[in-house]
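Below: one structure, written as structure tokens.
The values are calculated or read from the model by the stated rules, or taken from the named source; none is laboratory data. Please read these numbers as outputs of a predicted model, since none were measured by experiment. Cβ sites come from the backbone with ideal geometry, for glycine too, and all protein chains shown count toward neighbours.
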Amino acid sequence: MTITEVLQFADRLVFAHRGKHLDDIQETVIKGVWQGKTYENIAQECNRSESRIRDVGYQLWKTFSESLGEDINKSNFCSTIERLHIQEKSSICRTNCNFNFGSQTLYQYQKYPQDSQIEDTTKTTFQDLSIAPTINPTYFYGRTKELETLSNYIFHQKTRLMAVLGISGIGKTTLVKRFIDLNIQNFDVVIWRNLKLVKSLNSLMTDLLKKITIQNQNILISDEQLTQLFDLLSRQKSLIVLDDVQNIFISGKIAGQYQKQHTEYQNLFQAIAQTEHQSCVILISQEKAQEMTALDRELYPIQNLELEGLDNLAGIEIIQEYKLQHREYWLNLNNMYLGNPLYLQYISTLIKDIFQGSVSQFIAEENLIITEEIKQLFDISYQRMSDVEKQIVLKISNFNEDVSIEDLKKSNSFSSIDIINGLQSLKRRYLLNQTKTNNSLFTLSPLFKEYIKKIQTQN
């Protein structure tokens with residue numbers, strides 16, 4: 001049995017069980033195990049931690065065990081696959097759209113309707129990803145649960161409008177692009193646009209429809225653009241991504257309020273959620289749009305995916321890529337910088353450049369160091385805040401403990417309703433945390449609090 005056949009078999013099992021194909025690390029683990037390598041050797045070859053490789057292996061064996069109805073592990077994987085391969089040669093069958101490997105059903109089209117594209121080898125996806133980032137899967141860390149959540153929302157819950165949200169650098173754009181790379185074959189049309197250089201809605205619609213007319217000559221550009229767009233979304237399973245959506249919101253006001261010249265975007269997003277079609281539009285933003293909270297999720301298929309920092313294993317993998325010293329301090333470093341992938345890249349570069357790669361020497365400084373790059377990210381967020389939000393974060397930074405609304409009222413000239421709206425706005429920017437043990441108390445992340453203290457010192 002060739003390694004190609006093994007990978008094809010494993011891919012079918014994983015796809016049937018989880019609705020997605022093998023990723024590069026999973027393929028590497030399967031190849032390595034098939035070739036008799038240890039987890040340690042596999043980890044060295046693909047520049048991953050051994051614990052990460054063991055975790056990937058564990059998830060694979062669990063998936064195979066559940067799919068095949070017998071216990072599969074690293075020790076018996078090869079012999080089990082060989083045995084099933086022999087059975088398959090003598091008894092493989094295909095009936096009622098069920099694919100069988102020996103006596104085991106691998107998947108059914110009925111379970112994953114979108115999988116029918118696998119059989120249609122002539123089917124092509126029209127894609128315009130010219131301004132989307134290129135993601136090297138080798139340097140994609142963690143986010144397994146988030147990828148599964150995206151798949152569930154789009155393929156099973158038939159979500160029409162969803163937002164991927166979080167602070168700058170948390171990995172929103174990277175996550176969505178990785179999802180597309182893994183699932184592009186499940187769409188008829190995939191288009192990526194960025195609102196950093198904000199276009200009017202009319203310009204955006206014209207741009208989208210002109211692109212699509214390459215494949216759909218019957219679509220005409222006219223004043224009825226919205227009708228044409230929804231005709232497309234209904235007839236073809238499309239995925240449209242709009243990145244940096246916060247750029248159409250007003251800076252210096254409460255989060256998620258549309259600029260006057262861009263209020264038509266709000267109407268579009270509401271129509272996408274409320275109109276029946278088979279497609280999905282993903283909004284990537286540092287601020288939550290008002291309609292993503294105002295629309296009734298029980299009536300309309302909308303979802304928010306709010307990203308937090310990477311888990312410890314994924315964060316440590318980023319640090320490991322920089323070949324820093326003193327591994328025993330890596331977990332501490334990941335927590336200090338909130339598991340934010342971009343923060344970790346910036347701070348790891350600084351440690352390598354200034355501290356000769358010594359994490360222990362860096363931590364011995366006993367100060368939260370904010371690199372110039374991180375400061376610039378915080379500057380942009382701070383400048384977008386309303387006056388009341390700025391006053392709230394300044395007040396919170398002066399407290400050594402979590403703060404209540406009453407605490408803010410005592411030390412602030414703003415009205416009670418202004419303070420409440422300001423707190424909600426900060427939460428919609430993902431800059432404010434509520435204490436897990438007491439939701440009536442608020443705090444800032446240590447890193448952002450340090451940034452605010454520096455602003456006070458400068459003023």
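I'm checking my understanding of the structure. Among residues of region 144-176 that are of a type in the set (Lys, Arg) and either in a loop (DSSP other than H, G, I, E, B) or modelled with pLDDT under 95 (or both), which one is surrounded by the fewest Cβ atoms within 10 Å (Cβ to Cβ)?
The extreme case among them is Lys145.
Restricting to region 125-143, name every residue that is β-branched (Val, Ile, Thr) and either surrounded by 15 or more Cβ atoms within 10 Å (Cβ to Cβ) or not assigned by TED's automatic domain parsing to the domain that holds Ala255 (or both). Outline the logic, then answer.
Taking region 125-143 and keeping what is β-branched (Val, Ile, Thr), we get 125, 131, 134-135, 138.
Residues satisfying the conditions are Thr125, Ile135.
How many residues, within region 355-406, are hydroxyl-bearing (Ser, Thr, Tyr) and over 22 Å from Gln286 (Cα atoms)?
Taking region 355-406 as the starting set, the residues that turn out to be hydroxyl-bearing (Ser, Thr, Tyr) are 358, 360, 371, 381-382, 386, 397, 404.
Still in the running and over 22 Å from Gln286 (Cα atoms): 358, 360, 404.
So the count comes out to 3.
What number of residues within region 328-349 are more than 26 Å from the chain's Cα centre (by Cα) and either more than 21 Å from Asp311 (Cα to Cα) or of a type in the set (S, T, N, Q) (or both)?
So the answer is 0.
Given the conditions (1) outside the structural domain of Ser440 (by TED's automatic domain parsing); (2) hydrophobic (A, V, I, L, M, F, W, C); (3) within 31 Å of the chain's Cα centre (by Cα), report the number of the one that Phe355 does not fulfil.
Among (1) outside the structural domain of Ser440 (by TED's automatic domain parsing); (2) hydrophobic (A, V, I, L, M, F, W, C); (3) within 31 Å of the chain's Cα centre (by Cα), Phe355 violates only (3).
Kindly state which helices (runs of 4 or more DSSP H) lie completely within region 22-111 and contain at least 3 residues that are at pLDDT 85 or above and crowded, with 16+ Cβ neighbours inside 10 Å.
Numbers: elements: 24-34, 39-45, 50-68, 77-91.
Here the list reads 24-34, 39-45, 50-68.
Matching residues to (1) surrounded by 16 or more Cβ atoms within 10 Å (Cβ to Cβ); (2) under 26 Å from Ile452 (Cβ atoms):
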residue	(1), (2)
Trp330	yes, no
Tyr337	yes, yes
Tyr346	yes, yes
Ala364	no, yes
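Under the condition of being in contact (Cβ under 8 Å) with a residue 24 or more places away in the chain, assigned to a helix (DSSP H, G or I) and of a type in the set (D, E, K, R), which residue from region 388-435 is surrounded by the fewest Cβ atoms within 10 Å (Cβ to Cβ)?
Here the residue is Asp418.
Tell me, please, whether a residue that is within 27 Å of the chain's Cα centre (by Cα) and among the β-branched types (Val, Ile, Thr) can be found in region 416-427.
Among the residues of region 416-427, not one is within 27 Å of the chain's Cα centre (by Cα) and among the β-branched types (Val, Ile, Thr), which makes the answer no.
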